[in-house]
Amino acid sequence: MQGQIIFYAGFAVAVWLFLIGLYGIVSSRHLVHLCLSLTVVQASTYVLLAVVGYRPGLPAPIFVTMPATSSAVDPVIQALMLTDVVVEATVIALLLSITVRVHRRTASADPNEVDLMRG
Amino acid sequence: MSRIWRATVFVTGAAGIAVLFGLVCGTLPGPLAVRNRYAEAINSRVYAQRNVTDAVSAVNFDYRGFDTVGEEFILFVSVLGSISLLRMTSEKTDGLLRDAAEPSRDVPASDAIRLWILIMIAPKVLFGIYIVTHGQLTPGGGFQGGVILATAALMLYLGESFAVFRKVVSRPAVEIAEAVGAGGFLLLGMIAWFWGKPFLTNVLPLGKTHELTSGGTMPLISLATGLEVTAGFVLLLFAFLEETLTVRGEE
Amino acid sequence: MAPLPVVIPLIVAAVLAGVGSHLPRRVLDLTALITSAGVVAISVLLANASVHHVIVYWFGNWQPTAHSHFPIGICFMIDPIGAGLAAFTSVLVFAAFTFSWSYFESAKALYHILMLVFLAAMCGLCLSGDLFNMFVWFELMTAAGVALCGYKSEEGHSMQGALNFAVLNTVGAFLSLSGVALVYAFTGSLNLVEVGVTLAQHRLSSEFLCVAFLFILSGFLVKAAVFPFHFWLADAHAVAPTPVCVIFSGVMVELGVYAAARIYWVVFSQASAPSAAAVRTLFLIVGSCTAVLGALFCFGQRHFKRLLAFSTISHVGVMTLGFAVLDPAGLAGTTLYLIGHGLVKAALFIGAGIVLHRCGSVDEFDLRGRCRALAPIGAMVVLGAIGLAGLPPFATSFGEKTIEMAAHHAHQGWIAAVLIIAEIFTGAAVLRFAARVFVGWGKGRELPLHGAPHIHTDRETTGQHSRVPVFMWVPMLALLGGACVISIPSTVRSGIGRQLQRFETPAIYQDSVLLARSTEPQYPEPETAPLDFGLENAGVLVGMILLAGLALAAGSDEFRAEDPAARTWLGIQTIFRRLQSGRVGDYVAWFTIGIAVYGAILVLLR
């Protein structure tokens, strides 16, 4: 029961983060704000993965002090999250580089003013 | 689109996506016996099969090591991509704007800050190395430790200046370190291939559980990843700082 | 040998990152050429070895044990379709490297490294048999693609193209990852086959299957640039360096369709068999919208690279229609079409690169009559237009006809009309460009292109602009030749047909992956064109020439803006131009509504 509550609560948070992050991107007036909104969207995937891998009452899958055969939360999900974190860091690095160049070129970081290619 | 139109389109779409997410709630989470299969398979075998105690690192560097190859190269290519995006040829800097809002480094950091930061660097390096090398035993590994190590270099810039940063950290060396880290992972995977086993097979002796050398190729892969992550993030610092300084004409 | 198409380019890229800045340019070029040629050879060998049974390669030697059958590792699931696509990818990368032999500077070997990593990522996506692993290669493609797209970082709008590319693809990837997490939350597995088996066993609610399917596919649909996720593609193509455009249009976009088809057939086809009709309807709608709108907008462009980008969007719609038939013959048509289109489009982009090299522009009006000296290149561009129009002897023709026949058998004969519209408009657009630029026909400003954006593109080459280097026109000729001859042997066509029958039989992959057993049921011999398409071909050819001629003549006095047809055309184009605003916020808004509408279609029709 407790597991169910945590699952659905986490699920709701993930959906909320996903949509509010998208809203941030859509309404953004500054490229740095846009990058951070993208990290909010990404945070939704962290939350979703975390609740999917969570097992109520079970410890982390580190078998230093506990018996080697005991159950633990899902280590696969944690590995996926690690990949997800790296993906985020790198995509943000690329986007920030783009931001710096856009700012240098146009003296603006407003994505709505960067429209050299309409039509 | 005008702001109103854009907002209308977005809100409609977002409501739809929320409904779509809502539709799956009835089915999830699946029966524990089904959805726990992968977790159970790893957790129950990792200790006996690989002599390591951190199941997450075992998944990262062994069971699903091939994902980590891709992951490491996402980092690799993003670092080089950022360098490529930020690079500039000297004759093309003229048209670029100088940014008045850039943080000025004219006022030197106070001695207290400099001293504290310099004191912090050594423990940071030690801690980073500890995290990189203990990945198979406790939470950590090449990715986490690498980021900590890279922040040690960042401290140099914060406490001193880019000039000092550049004097202490040799850029060609960092570039080679990045290449060695990225290539090293692949070569570790290829050891097994030359042996006639599939790529990334853990062919080295598995060592004794709870020891640094346990896990066969895992600690080595972790080291390679740590090297690549450290070097990658330091190169990113180089790229961003150099871009700023070139435009400000401080070369 | 199975991991080599991914591992070799990555190792070479790592080595070049270490020592590349000390190597002379020619050594870099040769290394890259040899590497991509090697990947071609290995992929062809893999395709050949997997003709009779699927090769399953378990990384880290983690094949399922005999008693549990549960996959705990990652596998490559290699069949001639995936391996063939990997080979095709590396052929195009080879052509791109050849073309860039006399091309722009490569700062610290960055260009070569990024291209090689890009190649490895695409090969990984083609061969992978694991959901999360596919996501990883997808992200690697995005990262390398964005960096390559913004390679000409001195130009302001190249950053805009790269930004739109990065944001749209990343948002799509996150929704894909959410879909993977949802599926994992039920099945506890990431292996394509195991997930498919588990979903089928548990008789899941069809809502869940629809939503999970759509979410997982969303990233790939963004990459495939189907309507309304296509906006970023045109912006990215307009700014990317020419050899990068060759890869983007020739194969990267199409891999989105491949991944969608792979995931549908292996993971979802058995579990969601009751709602196959919904999936078919969805992709028929998606494909038709993409094909028609892409073609109409293609015709309204004056920037040649952008024009070709919209033509790619249109042709991706055609490929989606082939998949939408949900029948081996349809997908066989898509495969043939993919190969033919990729080769022709790559050749046309190289043609654009040559024009840019010689004349310093790719704008149709700026160039009017300025390329008369480039008659042989012009002739090849015209051949490319014929290829885009799906006329013989190009492979696009065979592909398109196969799709039409499959549609006919599935009682969706109207698809033929969509295909013909796409072909006439994209072919006519390229023909019009060729006639104006290489011959000098037409006026300077014309009604059909009223309001088309003029995007400045700098020369990408240094040195001699007075001649066309052999490394530019030879690959163009070779690609066009390849597009002609590849599908002529009927064994190639029937072989592809047979392989697609296997592609759409999940049971074969289940046996190979989970039980390490190769079963190969006997397939009926696939049908080969019984219908006569002579009339259709003639119609398309005439339509294309008429349309191009009409556009060239439209500047003269007979055609005025008061003409109802002209007004309609201008109205459509104005709406399109408003939508293609270049603003990433708009594009993300379209992404959300697109997902919502497609989800609604799937859920309501399930």
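What follows draws every value from the coordinates through simple rules; no lab data is involved. Note that this is a predicted model, so its numbers are computed, not measured. Don't worry about glycine lacking a Cβ; one is built from the backbone with ideal geometry, like all the others, and counts go over all protein chains shown.
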Computed for the protein assembly as shown: size of charge dipole around the Cα centre, +1 on C-beta of each Lys and Arg, -1 on C-beta of each Asp and Glu, debye to nearest 20, value 580 debye
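On full extension of the chain, what length is gained from B:Leu204 through B:Ala33, given 0.36 nm per residue of separation minus the C-alpha to C-alpha distance?
Numbers: separation 171, 0.36 × 171 = 61.56 nm, distance 3.39 nm.
Result for the pair: 58.2 nm of gain on full extension.
With a/c under 1.5 counting as rounded, go ahead and sort the protein assembly as shown into rounded, prolate or oblate using the C-alpha gyration tensor (a ≥ b ≥ c being the square roots of the eigenvalues; past the cut-off, prolate if a/b is larger than b/c, else oblate).
oblate
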Per the C-alpha gyration tensor (a ≥ b ≥ c, the square roots of its eigenvalues), the stretch C:1-66 is rounded if a/c is under 1.5, else prolate if a/b beats b/c, else oblate; here it's oblate
Under the 7 Å Cα-to-Cβ spin-label approximation, C:His67 and B:Ala48 lie apart by a distance in nanometres of 1.0 nm
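Divide by every residue of chain B the summed helix terms, -39500 (n - 2.57) for each DSSP H run of at least 4, and state the resulting mean residue ellipticity at 222 nm, rounded to the nearest 500 deg cm²/dmol.
Working: 10 runs with 168 residues, N = 251.
Here the helix-only value at 222 nm equals -22500 deg cm²/dmol.
Summing Lys, Arg as +1 and Asp, Glu as -1, what charge do residues with Cβ under 12 Å from the Cβ of A:Gly3 carry, A:Gly3 excluded? Walk me through the numbers before you get to the answer.
On the way: positive: A:Arg55, B:Arg35; negative: none.
Its environment carries a net charge of +2.
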Phi angles of the stretch C:402-418, converted by Karplus (6.51 cos²θ - 1.76 cosθ + 1.60, θ = phi - 60°) into ³J(HN,Hα) in whole Hz with x for Gly and Pro, give 5, 4, 4, 5, 4, 5, 4, 5, 8, 6, 10, x, 4, 4, 4, 4, 4
Placing each pseudo-label 7 Å from Cα in the direction of the beta carbon, B:Leu158 and B:Ile119 end up separated by a distance in nanometres of 1.5 nm
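Could you tally the net charge around B:Glu178, taking each other residue with its Cβ under 11 Å from the Cβ of B:Glu178, Lys/Arg +1 and Asp/Glu -1? List each step's numbers first, then the result.
Details: positive: B:Arg171; negative: B:Glu72, B:Glu175, B:Glu228.
Around B:Glu178, the charge tally is -2.
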Long-range amide H partners of A:Phe63, meaning residues 5 or more apart or on another chain whose placed amide H is closer than 5 Å, are B:Asp54, B:Ala55
For C:Thr457, the residues 5 or more places away or on another chain with a placed amide H closer than 5 Å to its own amide H are C:Val362
Rounded to the nearest 10 degrees, the helix C:328-359 long axis (Cα) sits at an angle to the longest Cα principal axis of chain C of 40 degrees
Per the C-alpha gyration tensor (a ≥ b ≥ c, the square roots of its eigenvalues), chain B is rounded if a/c is under 1.5, else prolate if a/b beats b/c, else oblate; here it's oblate
C:Ala538 and B:Trp5 label points (each 7 Å along its Cα→Cβ direction) are spaced in nm at 4.5 nm
Which residues qualify? For B:His210, with a placed amide H closer than 5 Å and at least 5 residues away or on another chain, they are B:Thr53
Going fewest to most other Cβ atoms within 10 Å around each Cβ, C:Thr142, A:Thr65, C:Thr426, C:Thr281 line up as A:Thr65, C:Thr281, C:Thr142, C:Thr426
Cβ-Cβ cut-off under 11 Å around A:Met81, Lys and Arg +1, Asp and Glu -1: the net charge is -3
Between the Cα axis of helix C:156-187 and the main Cα principal axis of chain C, the angle (0 to 90°, nearest 10) is 20 degrees
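Given charges of +1 on the Cβ of Lys and Arg and -1 on the Cβ of Asp and Glu, with all other atoms neutral, how large is the dipole of the stretch C:308-408 about its Cα centre, in debye to the nearest 20? Working shown, then result.
Numbers: 6 positive and 6 negative charges, 78 e Å.
That gives the stretch C:308-408 a dipole magnitude of about 380 debye.
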Expected vector for the stretch C:247-258, Karplus 3J(HN,Hα) from phi with 6.51, -1.76, 1.60 and θ = phi - 60°, integer Hz, x for Gly and Pro, equals 6, 3, 6, x, 9, 4, 4, 5, 4, x, 5, 4
Taking Cα atoms, the helix C:584-605 axis meets the longest principal axis of chain C at an angle in degrees (rounded to 10) of 50 degrees
Expressed as a whole-number percentage, the relative contact order of the stretch B:122-238 with C-alpha contacts under 8 angstrom and at least six residues apart is 36 percent
Along the stretch C:566-579, Karplus-curve 3J(HN,Hα) (6.51, -1.76, 1.60; θ = phi - 60°) to the nearest Hz, with x for Gly and Pro, reads 5, 5, 4, 4, 4, x, 4, 5, 5, 4, 4, 5, 5, 5
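Sort B:36-45, B:199-208 by packing, meaning the average of other beta carbons within 10 Å per residue, with the highest value first. Don't skip to the end; give the middle numbers.
Values: B:36-45: 20.6, B:199-208: 19.1.
Top of the packing list down: B:36-45, B:199-208.
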